[in-house]
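The values are calculated or read from the model by the stated rules, or taken from the named source; none is laboratory data. Since we're looking at a predicted model, the values are computed, not measured. Glycine gets a Cβ as well: all are built from the backbone with ideal geometry, and neighbour counts include every protein chain shown. These accessible areas exclude ligands, DNA and RNA; they are computed on the full protein's heavy atoms, side chains included. Shrake-Rupley method; radii C 1.70, N 1.55, O 1.52, S 1.80 Å.
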Amino acid sequence: MSNTLLMGAVAYDPKVVTIWDGFQKWFGEHGLDFDYLLYSNYERQVEGHFQGHFHVAWNSPLAWLQAKAVGSELGRSVEAVAMRDTDCDLTSVVVVRAGSDIRTVEDLRGRTVGVGAGDSPQATLIPLAHIAELGLEPDEDFEVRRFDVLVGKHGDHVGGERHAAKALMAGEVDAACMIDGNHWLFGKEGTLPSGATRILTQTGQYDHCNFTVLDDAPQALVEEFVRLLHSMDFEDPNVRPLLQLEGLKQWEPGRTDKYGLLERAIDRFDTIQEFVGRLREARR
Amino acid sequence: MNHVDLQGLGLDEGGHLLVKRALAAIPVGDTLVVRGSSASLSVHLRAWCRAQGHEFEPSADGGVVRRGSAEVGRWRGAERAGAADCVEDEASPRWGLGARGCTVEAGGPEFDFPLRTRSEIWADDAARLYAQAVAAQWDPGSAIPWDAPFDLPDDVEDAVVQVMTYLIENETAALVIPARFASQVHPHYREVLQLLAVQAADEARHIEVFTRRALLKRARPGLSTTGGQASLKTLVEERDFAEATLLLSVLGEGSFLSLLRFLHEEAPDPVTREISRLAAQDEARHVAFGLSHLAEQVRSDPALLDRLEQAIRRRHDALAATSGLNEEVFDALVLLGAAGLEPLELRAGWQKVQALERDMHEGRRRRLARLGFADGRADELSSLHTRNFM
Ligand SMILES: [Fe+2]
Ligand SMILES: [Fe+2]
């Protein structure tokens, strides 16, 4: 197995198996022995990564920051080697009903804001931190309603955002948080009929998932993996279905300078401290 | 500078169509200025461009889009699914369910339609027969005089019910077989697919009217025998399209044409008379398609005749130990042919059924000869056909 590159990923949806089976086959046809392990949650995956269970992690942005934090506790360096083009420069929005009397973020005081899973960067952490930086503390200055029970998936499942959007239309919450693309998608599918909502505020830009390696990763295998990722061409009909399933047009080099918003959010909300501490203790 | 003004139209209410159209008019790599007054325009443009593979820079009233290459790339390597107005000798599994002549994106799933060569399934008059079949559809509710008053002696009503019971199981076989082959025909041969589908629909109607007649005066249908079902089972299990067409359509439905005409003439009541007439009309089309399809096959591959002959012999051997047409059906036909239960009347009925069987044989012989069997061979093969008629 020494020539196999092992990847860890989280099974947030059954299609994950289809996706990585497809990649495994394609990598195999191009001379890279690739296999994958699926975890039910990102915390277990980050822990497994540091225990040496696999070489490359397909990390959510929060898992990336968890890995980075654990790495610095343990004196290990982490690196992002590749990411999807569609994970670059995302924004989230806070929306209210079109007829709402909420005109500014300040008007959210005393009201209820619907968000996604507690550990969702795009639907919870980043927008709540954005509101906080504009002067209103969540759970103090306004009430937060969380709409996803799939904790550990870091909001990869769109369900929570959709529930928050539906709750907004049903009048159960006064505002809802979601990624920009979902505001458009919910408009298309009718969850948020066009013109029925107003964007109250938009966060700054941030990046999403990346492929993460630790300092002991097999360098040649990782280099080949990254080289092959970049060679995947949307015009190639053998590759296109894989890229479409995984939701991208092309793979980009890893970059780590656009996780600042999320970093500020988790500092503010103490999101990962306990997890990082637990791993540090376990290592003693 | 290329630009498009969406005015008040949002990207979540169709605005992306205008953006797409404007992008299609500029080269990949060029930029397009998008302006509009919808409040969410730049948020949605950002998300839409990301998903479409275009670069985006927001502005106060929209933004600047740099056209990416993905949309063009998507249709590279696409292939035409034949021509719209003629059929190919072979249909590609990659064409899948696509309309004949459409452009199929590369990299899609392959469909496993086992019947995908012209020589296996095509008949030039499939389109004409299909159009004819569609035009000749009749409504069982209004086409049959269900309320016409009649009262038959118990013996005669029983005989009708027994014949209907027999017809129903035969019609069911005649529905199941084309329906199964329809799912195996590559949709490139659309007319054949349509014809098989409308044939199955014909049989569905036959099942309906024969069932309604059986239950018109009685609480339940009559008897179903092992011989009859064994005969039909060999048909239902036939896997080869050409052989199934010969056994079911040319020989079986051909024999049924004679039977339905007999029932039309000898029917003791107006309902039986009318359903027999209408079913016979449909059966004539089924026989015609089977014949023309096989005749075309034989023309391009004369060796097919040997295979068809073997199929008839195989089925004959498989059924040699069974009794064939059940006694109850035979007796019922005699009774319907007879005007009453007097010995002379019964003799007349008996003779009519003898004539019916000769008529069936003659029809089969003629159709086999049309396929290219020599006279003597056609005669012999016709006599090997199942005694169950279908
Ligand atoms: Fe029929
Ligand atoms: Fe038929």
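A few comments on the model shown:
- Answer from A:Phe275, A:Phe269, A:Phe211, A:Phe225 - the residue that is of a type in the set (Phe, Trp, Tyr), outside the structural domain of A:Ala98 (by TED's automatic domain parsing) and touching a His at 6+ places or on another chain (Cβ under 9 Å): A:Phe225
- Selected residue [within 16 Å of ligand 1 (Cβ to nearest atom), touching a residue at least 24 places away in the same chain (Cβ under 8 Å) and open to solvent by 10 Å² or more (accessible area, probe 1.4 Å)] from B:Arg285, B:Arg307, B:Arg313, B:Arg277: B:Arg285
- The residues of the stretch B:18-60 that are touching a residue at least 40 places away in the same chain (Cβ under 8 Å), open to solvent by less than 20 Å² (accessible area, probe 1.4 Å) and within 14 Å of another protein chain (Cβ to nearest Cβ) amount to a single one, B:Val19.
Residue-wise test of (1) assigned to a loop (DSSP other than H, G, I, E, B); (2) touching a residue at least 40 places away in the same chain (Cβ under 8 Å); (3) open to solvent by less than 60 Å² (accessible area, probe 1.4 Å).
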| residue | (1), (2), (3) |
| --- | --- |
| A:Asp119 | yes, yes, yes |
| A:Ala123 | no, yes, yes |
| A:Glu140 | yes, no, no |
| A:Val151 | yes, yes, no |
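- Yes/no for B:Arg367 being more than 14 Å from every other protein chain (Cβ to nearest Cβ), open to solvent by 10 Å² or more (accessible area, probe 1.4 Å) and within 16 Å of ligand 2 (Cβ to nearest atom): yes
- Of the residues making up the stretch B:69-91, those that are more than 14 Å from chain A (Cβ to nearest Cβ) and either open to solvent by less than 60 Å² (accessible area, probe 1.4 Å) or part of a loop (DSSP other than H, G, I, E, B) (or both) number 9.
- The stretch B:113-164 holds helices (runs of 4 or more DSSP H) entirely within its bounds, and those carrying 1 or more residues that are of a type outside the set (Lys, Arg) and out of contact with any helix residue (DSSP H, G or I) (no Cβ under 9 Å at 6 or more places or on another chain) map to B:126-135, B:140-143.
- Of the residues making up the stretch B:232-249, those that are of a type in the set (Ser, Thr, Tyr) and either farther than 16 Å from B:His385 by Cα or within 16 Å of ligand 2 (Cβ to nearest atom) (or both) are B:Thr245, B:Ser249.
- Condition met for A:Gln250 (open to solvent by 20 Å² or more (accessible area, probe 1.4 Å) and without any contact (Cβ under 8 Å) to a residue 24 or more places away in the chain): no
- When B:Arg94, B:Arg128, B:Arg180 are checked against the criterion of being outside the structural domain of B:Val334 (by TED's automatic domain parsing) and either closer than 30 Å to B:Gly227 by Cα or out of contact with any Cys (no Cβ under 9 Å at 6 or more places or on another chain) (or both), a single residue qualifies: B:Arg94.
- Candidates B:Leu152, B:Leu193, filtered to the one that is surrounded by fewer than 17 Cβ atoms within 10 Å (Cβ to Cβ) and away from ligand 2 (no atom under 16 Å from the Cβ): B:Leu152
- Test: residue in the stretch B:246-260 that is open to solvent by less than 10 Å² (accessible area, probe 1.4 Å), under 21 Å from B:Glu208 (Cβ atoms) and more than 16 Å from ligand 1 (Cβ to nearest atom): no
One line per residue, one yes/no per condition, for (1) touching a residue at least 12 places away in the same chain (Cβ under 8 Å); (2) away from ligand 1 (no atom under 14 Å from the Cβ); (3) out of contact with any His (no Cβ under 9 Å at 6 or more places or on another chain):
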| residue | (1), (2), (3) |
| --- | --- |
| B:Arg180 | no, yes, yes |
| B:Arg190 | yes, yes, yes |
| B:Leu196 | yes, no, yes |
| B:Arg205 | yes, no, yes |
| B:Leu216 | yes, yes, yes |
| B:Pro221 | yes, yes, yes |
| B:Ser231 | yes, yes, yes |
| B:Thr234 | yes, yes, yes |
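- Residue count for the stretch B:196-219, restricted to those that are within 29 Å of B:Ala81 (Cβ to Cβ) and open to solvent by 40 Å² or more (accessible area, probe 1.4 Å): 2
- A:Gly118 meets the conditions (1) within 27 Å of the chain's Cα centre (by Cα); (2) within 14 Å of chain B (Cβ to nearest Cβ) in every case but one. The failed one is (2).
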